[in-house]
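Please read the structure below before turning to the comments.
Every number here is computed from the coordinates shown, using simple stated rules; none is lab data. Small disclaimer: the values here were computed from a predicted structure and weren't measured. Cβ placement follows ideal geometry from the backbone for every residue including glycine, while neighbour counts extend to all protein chains displayed.
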Amino acid sequence: MRGKQQHRTEAIKRGRRLTVRSALLCLMVVLYTSCGKSGEMLGDIFNPTSTGEYSTWPCRFAYNNLIHQDATLAASMSEASRGIFCIISETTHAGRKFVVFENNNGSSSEQPESEEEKMAKFILGLNNGIIVGFQTLINEPNGGFVAYDLQCPNCVRRDNNTLTPTYRLTIDSKGIATCQKCKKTYDMNNGGIVQNGEEGDTGLAKYLGRTMGPYDFVSVVTRQ
């Protein structure tokens, strides 16, 4: 038991020696080499899945959960807990920045950002919110690990508004994301498809997501 604890402590110390920037670079290389050619067409900015699988909306997030040991986030990064999705956002308390985690299993937590993480300047989708998790249908790359924007794509497109979007989705325990404005629903367990859409509607805006395990690295980036 003591040996396992010592090994875990040493692993955490090694994790602290890896900067967020280094982690982001390494994971982006993995994402690039595992997801096809860089010249593939992407969806246009107001219709993120119209001509390609991934959105061109801005996103840049790399997080070392080996250091933070956040259980709320970890639950969404395990293949053993498919269907648990976690909203990731940022907040500020007394001038200090925190990463906020809220999953659809009823858990929530906050972690203070390190100096390196503050320097990395996370971009959490269009308006401070992304969703990550393993979907139940394994029809996606990376074992079904997916990453979505937290804004309703159809409201963004309809109002032609990517600068100040306020169409935040809510997520439930069944893996359904709902827009409180247009009432459209999206199945996060099936690639984010829209369930009650009209002609021309799209599914959730998707980013390239990668996890190396519940208590390890996770990255979410825009496809370049």
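Any idea how far the Cα center of segment 86-108 sits from the one of segment 193-210, in Å? Spelled out, the Cα-based centre of one part sits 24 Å from the other.
For segment 133-224, trypsin sites (Lys or Arg not before Pro) are listed when DSSP marks them as loop and at most 16 other Cβ atoms sit within 10 Å of their Cβ; the list is Lys174, Lys181, Lys183. Pairs spanning more than 24 Å between alpha-carbon atoms, out of Lys174/Lys206; Lys97/Lys183; Lys97/Lys181; Lys118/Lys183; Lys118/Lys184: Lys97/Lys183; Lys97/Lys181; Lys118/Lys183; Lys118/Lys184. Extension gain for Phe98-Glu110 works out to 3.7 nm (0.36 nm per residue, less the C-alpha to C-alpha distance).
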